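Q: Have a look at this one.
Derivation of every value follows stated rules applied to the coordinates shown; laboratory data play no part. All values derive from a computational prediction rather than experimental measurement. We place every Cβ from the backbone using ideal geometry, glycine too, and count neighbours over all the protein chains shown.
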Amino acid sequence: MRHFYVKSTKGKTCGDFNLNDTAGGAGRLDIIARSVNSAFWLSHSLRTDVNFHTILFGEPNPPIYIEIVGEKVRKVQPDERNITIFLKKAIERFNEARFTQTTPGIYSGRRTFNEMLEKHKDCDFYLLSEDGDDISEVEISDNAFFILGDKEDLTPREIEVVEGYGAKKISIGKTPYLTSHCIGFLNVYLDMVSEKKSVY
Ligand SMILES: C[S@@+](CC[C@H](N)C(=O)[O-])C[C@H]1O[C@@H](n2cnc3c(N)ncnc32)[C@H](O)[C@@H]1O
């Protein structure tokens with residue numbers, strides 16, 4: 001299983017934003033929508049071995065945690081607007097009292113960053129950072145949980161917390177890339193590594 005977490009520093013936590021303004025009024029939910037696309041979509045299908053996680057830290061009701069389960073997700077199309085419609089439903093149908101399936105395979109609830117890590121403590125955590133160890137020199141486990149920033153990196157406190165969970169800092173180069181491009185690269189890179197493993 002592959003997990004991707006993208007922090008949404010300013011992602012709006014009520015659904016009153018305009019779908020034509022996801023980079024503005026929605027607090028850069030466009031980054032999350034593109035990341036979801038990169039996490040799941042193949043040419044004619046979805047990756048069923050991927051789960052995607054985000055926590056929205058924008059106003060007025062943070063934090064809202066959203067999880068998308070590749071094996072269960074249905075009806076979502078790969079374009080940014082359609083993905084954002086489903087994110088909006090996850091925000092609008094958020095229930096303070098319980099973790100809720102808001103559409104097939106998409107869930108929202110009140111969960112902090114620490115609670116999300118604790119829930120997935122059996123995974124091997126990798127923090128994506130330009131100054132981490134070169135990915136080609138790190139063995140990536142089959143139960144990897146990748147952690148990425150959005151337009152901002154994680155805070156020093158968040159980094160301390162993930163390191164407490166044994167996270168390895170890994171880099172795909174010194175150039176700062178878009179979050180969604182990093183996820184696309186990780187998926188293709190890991191596919192190549194596993195294909196080589198089975199060939200040789
Ligand atoms: C747009 S970057 C964040 C800001 C970026 N650090 C900068 O200075 O412009 C989004 C996230 O992608 C990941 N990232 C970007 N480039 C990377 C690289 N070369 N290696 C590893 N992770 C990277 C990091 O997790 C980062 O927080």
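Q: Which residues, counting only those in the stretch 125-137, are in contact (Cβ under 8 Å) with a residue 24 or more places away in the chain and over 15 Å from Ser194 (Cβ atoms)?
A: The answer is Phe125, Tyr126, Leu127, Leu128, Ser129, Glu130, Asp131, Gly132, Asp133, Asp134.
Q: Which ones in the stretch 120-135 are in a strand (DSSP E or B) and more than 16 Å from the ligand (Cβ to nearest atom)?
A: Of everything in the stretch 120-135, just one residue is in a strand (DSSP E or B) and more than 16 Å from the ligand (Cβ to nearest atom), namely Asp124.
Q: So Glu152 ticks every box in (1) closer than 24 Å to Thr112 by Cβ; (2) surrounded by 12 or more Cβ atoms within 10 Å (Cβ to Cβ) but one. Which box is left unticked?
A: Single failed check for Glu152: (2).
Q: Restricting to the stretch 156-179, and then to whatever is without any contact (Cβ under 8 Å) to a residue 40 or more places away in the chain and either within 11 Å of the ligand (Cβ to nearest atom) or assigned to a strand (DSSP E or B) (or both), can you tell me which residue is farthest from Ser194 (Cα to Cα)?
A: Ile159
Q: Since Arg98 meets every condition but one in (1) in contact with a strand residue (DSSP E or B) (Cβ under 8 Å, 6 or more places away or on another chain); (2) crowded, with 19+ Cβ neighbours inside 10 Å; (3) not small (Gly, Ala, Ser), which condition does it not meet?
A: Here Arg98 clears every test but (2).
Q: Is there a residue being within 16 Å of the ligand (Cβ to nearest atom) and under 22 Å from Thr100 (Cα atoms) anywhere in the stretch 18-28?
A: Among the residues of the stretch 18-28, not one is within 16 Å of the ligand (Cβ to nearest atom) and under 22 Å from Thr100 (Cα atoms), which makes the answer no.
Q: Filter the stretch 129-176 down to the residues that are aliphatic (A, V, I, L, M) and touching a Cys at 6+ places or on another chain (Cβ under 8 Å) and list them by number.
A: Ala144, Leu148, Ile172, listed by residue number.
Q: So, one more: Residues being closer than 18 Å to Tyr107 by Cβ and either free of Cβ contacts under 8 Å to residues at least 24 places away in the same chain or of a type in the set (A, V, I, L, M) (or both): count how many of those fall in the stretch 1-35.
A: Result for the stretch 1-35: 5.
Q: So, in the stretch 38-80, exactly how many residues are over 21 Å from Lys119 (Cβ atoms), surrounded by 13 or more Cβ atoms within 10 Å (Cβ to Cβ) and aliphatic (A, V, I, L, M)?
A: Adding up the residues that qualify gives 2.
Q: Same structure again: Give the number of residues within the stretch 162-200 that are surrounded by fewer than 16 Cβ atoms within 10 Å (Cβ to Cβ), within 18 Å of Asp131 (Cα to Cα) and β-branched (Val, Ile, Thr).
A: 1
Q: Find the residue count for the stretch 36-65, including only residues that are among the small types (Gly, Ala, Ser) and either without any contact (Cβ under 8 Å) to a residue 24 or more places away in the chain or under 18 Å from Arg111 (Cβ atoms) (or both).
A: Final tally of qualifying residues: 3.
Q: If you don't mind, another one. Give the stretch 136-155 a look and list any residue that's over 18 Å from Met1 (Cα atoms) and either within 9 Å of the ligand (Cβ to nearest atom) or assigned to a strand (DSSP E or B) (or both), or say none.
A: Within the stretch 136-155, Gly149, Asp150, Lys151, Glu152, Asp153, Leu154 meet the criteria.
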